[in-house]
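The values are calculated or read from the model by the stated rules, or taken from the named source; none is laboratory data. Keep in mind that this is a model prediction, so the values were computed, not measured. Neighbour counts run over all protein chains shown; Cβ positions are idealised from the backbone, glycine included.
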Amino acid sequence: MSPLLSGAIAITLVCYGVAMLVACWRVLRGPGAQDRVLALDLIYVIGMLVALVIGLRYASSMYFEAALLIALFGFVSSAAMAKFLLRGEVIE
């Protein structure tokens with residue numbers, strides 16, 4: 001792996017870490033439930049991106065499959081939380 005790509009991956013992971021810390025702060029201090037749900041969505045998207053970058057770093061397809069699972073479970077949980085906030089129940 002080239003030194004330029006290795007440095008770019010390191011910088012990217014640091015930026016994702018900072019973004020995840022800011023999103024965690026919003027989950028804890030968010031003024032409303034909608035803000036907290038949006039911050040949780042951002043956390044799972046960042047987690048998926050971290051898995052993709054690590055997959056690029058180690059050239060392993062296992063990380064790409066993990067990113068796909070994170071995206072799938074994140075979407076389902078976001079839909080469930082949105083329905084809960086809208087109606088007060090998830091299963092009718």
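Values as computed for the structure displayed
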| read-out | value |
| --- | --- |
| Test result for ILE91, out of contact with any helix residue (DSSP H, G or I) (no Cβ under 8 Å at 6 or more places or on another chain), modelled with pLDDT of 95 or more and among the β-branched types (Val, Ile, Thr) | no |
| Those residues of the stretch 42-92 which are among the polar types (S, T, N, Q) and surrounded by 13 or more Cβ atoms within 10 Å (Cβ to Cβ), in sequence order | SER77, SER78 |
| In the stretch 29-51, the residues that are among the aliphatic types (A, V, I, L, M) and either modelled with pLDDT of 95 or more or closer than 21 Å to ALA66 by Cβ (or both) | LEU40, LEU42, ILE43, VAL45, ILE46, MET48, LEU49, VAL50, ALA51 |
| Contacts under 6 angstrom Cβ, first residue in the stretch 23-36 being more than 18 Å from GLY47 (Cα to Cα) and outside any helix (DSSP H, G or I), partner basic (Lys, Arg) and modelled with pLDDT under 95, 6 or more apart | GLY30/ARG36 |
| Subset of the stretch 39-66 [over 16 Å from ILE9 (Cβ atoms) and in contact (Cβ under 8 Å) with a residue 40 or more places away in the chain] | LEU40 |
| For ALA39: the one exception among (1) touching a Ser or Thr at 6+ places or on another chain (Cβ under 9 Å); (2) under 30 Å from GLY7 (Cα atoms) | (1) |
| Residue among VAL37, VAL27, VAL18, VAL14 that is within 15 Å of the chain's Cα centre (by Cα), within 26 Å of ARG87 (Cβ to Cβ) and surrounded by fewer than 17 Cβ atoms within 10 Å (Cβ to Cβ) | VAL27 |
